[in-house]
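The values are calculated or read from the model by the stated rules, or taken from the named source; none is laboratory data. In this text the structure is predicted, and so the values were computed from the model without any measurement. Here Cβ is always computed from backbone atoms with ideal geometry, including for glycine, and neighbour counts include all displayed protein chains. Keep in mind that these areas ignore ligands, DNA and RNA; they rest on the heavy atoms of the full protein, side chains included. Shrake-Rupley method; radii C 1.70, N 1.55, O 1.52, S 1.80 Å.
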Amino acid sequence: MIEIIFGLFGGLALFIFGIKSMSEGLQKMAGKKTHAVMGALTSVPVVGVIVGALITIMTQSSTLVTVMVVGFVNTSMLNLKQAISVIMGANIGTTFTAQLVAFRITDAWVFLAAFGFTFYFFSKHKIVKNSGFVAFSLGMLLLGMSLMSQAMVPLRHDPAFQQLMLTFSDNRILAMIVGALFTALVQSSTAATGVIVAMTMEDLIPFQAALPLVLGTNIGTTVTALLASIGGSLSARRAAMAHVLFNVIGVVIFLIFLNQYENLILAISPIDDIPRQVANAHTLFSVINVILFLPFINQFAKLLTRLIPGEDVRSTQGAVYLDWRMVDVPNVAINLAQKEILRMAEIAGENIKLAMEGLLERDSKKLTAMKAQENIVDGLEKEIMHYLARVSQSGMGADMSIRHAGLLHASNDIERVSDHADNVADLALSAIEDDVSFSEEAIDELKAMYDLVIKIYDTAIKSVKDNNIALVPLVKKLESQIDNMEEDLRESHINRLKQGRCSAAAGVIFLDIIINFERIGDHANNISHVPQGKL
């Protein structure tokens, strides 16, 4: 029994390791495509189903895709209807592995491991190297399947085990519950289904017992999404609940028509090939369930809104788009970090405007508001840096690493822009408190430089938002204009002082303001290089 237990769990460990490693390898091969495909979703539910299925096949994990969907909904990247359609597709995509192993190709693990390791270890070409890693991981998956099958051979003649299988055949509700609990424990419907397929390969379990176990895996796999939605937005909780209701209602329907379902599987599957029958049952459940639900997706979304009522309220304090559940999916996490950085950039841009308006209008309320927003920017910069540091612990390709480094620098530069705006606000408050006034000429010069500063900052942020390197030369040109203007204004100011047209107190504030404006131009130039990854 000890050999059986260790053999079974050792094989299961290799199987889960293979799934996880293959998922990581496929994600590296897909690169930014996963996020791009998700972003290409339209309002057409069928497209969402196809996208969900494709991404699940690419990542080899419906759990990962579902958690990604919850994260996307939480950050408003997907609406509820889109999320439901992707979840439906993920349920279909996750059956791919079961179909693969059901063809009894476990002996191929030797060749996959050997060739995969060779390509991974010796090749320097990124695509070949990642392909080798995926092949090696698939070999480990098949080896795990083989070890599980071998470990359970002695159970063929075990009376207690035989009685348990008879109980599952007679009490299918119990079998379904066991399947759900096991799936929730290993947090992978693919792994749970793999164990069931391995048991059928050794004739340890009849199809009548395997069928409700497979149905149970579809319930157990929803636990991870529920856990991922805890602490998330209202929409994220609805998306997680969509996964639960979609699978649970589907299982209930199939249990009601279980005999007809069983006959259908037996009719379309090879005779006496229980592994293929189990794999087909897994796939057909997901496909039929999607066909049943898809026409009523609008009503389903309304039901979820009624079950979990309310409206999302986002605070201006703290990060809005950062999702810590996504840190192990670098291409997604980096895009979320970019959205948060752009949000921080918008607040920093408002700070420049508030500081200048407070100075020109002598409005201390605007300067106080700017001070409050400066604290928000400081907090966001710390959160983003912490988030990106955690993301860096996951595997990233060269392009993604460059982008990651660029965003780290951009976050720091934007925070420094806000600091310089804060300096201008302090100077404006000093001018108001000490009743320092500027000449009309000085005010016109400050306005002219401010216009250039706003233009260079907005252009730099646009270059990051659109990933547009074509804007970099324009930013560089504007920076040169600001540098030249700072020198010209300094000389002009000295002439006014000599001619007695400006007070010494006003002169000091004027010089400090144009210095801070010039520094903002420098940081804007740095920010514009993020699309190139050069900082």
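Cβ-Cβ contacts under 7 Å between residues 6 or more apart (or on different chains), taken from a first residue in the range 305-321 that is modelled with pLDDT under 75 to a second residue that is part of a loop (DSSP other than H, G, I, E, B), are listed as 312/233; 314/320. Do we have residue 491 as in a helix (DSSP H, G or I), open to solvent by 20 Å² or more (accessible area, probe 1.4 Å) and more than 30 Å from residue 377 (Cα to Cα) here? Yes, satisfied.
Pairing residues of the range 461-479 that are in contact (Cβ under 8 Å) with a residue 40 or more places away in the chain with residues that are basic (Lys, Arg) and not in a loop (DSSP other than H, G, I, E, B), at Cβ distances under 8 Å and at least 6 apart in sequence or on separate chains, gives 468/462; 471/462; 478/455. Here is a check on your reading of the model: is residue 269 out of contact with any Ser or Thr (no Cβ under 7 Å at 6 or more places or on another chain), of a type in the set (Ser, Thr, Tyr) and open to solvent by 30 Å² or more (accessible area, probe 1.4 Å)? Judged against the criteria, residue 269 is not a match.
A count restricted to the range 214-232 and to residues that are open to solvent by 10 Å² or more (accessible area, probe 1.4 Å) and at pLDDT 85 or above stands at 1. Taken over the range 59-94, the criterion of being open to solvent by 10 Å² or more (accessible area, probe 1.4 Å), at pLDDT 70 or above and assigned to a helix (DSSP H, G or I) is satisfied by 80, 81, 82, 92.
Within the range 427-449, the residues that satisfy the criterion of being open to solvent by less than 40 Å² (accessible area, probe 1.4 Å) and in a helix (DSSP H, G or I) are 427, 428, 431, 442, 445, 446, 449.
Every residue, every condition in (1) among the aromatic types (Phe, Trp, Tyr); (2) more than 32 Å from the chain's Cα centre (by Cα); (3) in a helix (DSSP H, G or I), yes or no:
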{"site": "245", "(1), (2), (3)": "no, no, yes"}
{"site": "248", "(1), (2), (3)": "no, no, yes"}
{"site": "264", "(1), (2), (3)": "no, yes, yes"}
{"site": "271", "(1), (2), (3)": "no, yes, no"}
{"site": "277", "(1), (2), (3)": "no, yes, yes"}
{"site": "286", "(1), (2), (3)": "no, no, yes"}
{"site": "291", "(1), (2), (3)": "no, no, yes"}
{"site": "295", "(1), (2), (3)": "no, no, yes"}
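Restricting to the range 171-225, name every residue that is in a loop (DSSP other than H, G, I, E, B) and either in contact with a Gly (Cβ under 7 Å, 6 or more places away or on another chain) or of a type in the set (Ser, Thr, Tyr) (or both).
Passing the criteria: 188, 221.
When you look at residue 256, is it open to solvent by 40 Å² or more (accessible area, probe 1.4 Å) and under 29 Å from the mean Cα position of the chain (by Cα), yes or no? Judged against the criteria, residue 256 is not a match.
Open to solvent by less than 70 Å² (accessible area, probe 1.4 Å), outside any helix (DSSP H, G or I) and within 27 Å of residue 361 (Cα to Cα): which single residue out of 507, 500 fits that description? Only one candidate passes the filter, namely 500.
For residue 198, the conditions (1) modelled with pLDDT of 85 or more; (2) buried (at least 22 other Cβ atoms within 10 Å of the Cβ) are fulfilled apart from (1). Among (1) in a helix (DSSP H, G or I); (2) within 28 Å of the chain's Cα centre (by Cα); (3) surrounded by fewer than 18 Cβ atoms within 10 Å (Cβ to Cβ), which single condition is residue 480 missing? The single condition residue 480 does not satisfy is (2).
Name the one entry in 291, 341 that is under 30 Å from residue 419 (Cβ atoms) and at pLDDT 90 or above. Being under 30 Å from residue 419 (Cβ atoms) and at pLDDT 90 or above holds for just one of 291, 341, which is 341. Condition first: assigned to a helix (DSSP H, G or I), exposed (fewer than 15 other Cβ atoms within 10 Å of the Cβ) and of a type in the set (Lys, Arg). Now tell me which residues in the range 95-129 satisfy that. Once the filter is applied, which keeps residues that are assigned to a helix (DSSP H, G or I), exposed (fewer than 15 other Cβ atoms within 10 Å of the Cβ) and of a type in the set (Lys, Arg), the range 95-129 yields only 126. The number of residues in the range 366-406 being of a type outside the set (Asp, Glu) and farther than 16 Å from residue 334 by Cα comes to 12. One residue stands out among those in the range 346-372 that are open to solvent by 10 Å² or more (accessible area, probe 1.4 Å) and among the β-branched types (Val, Ile, Thr): the one that is modelled with the highest pLDDT, which is 347.
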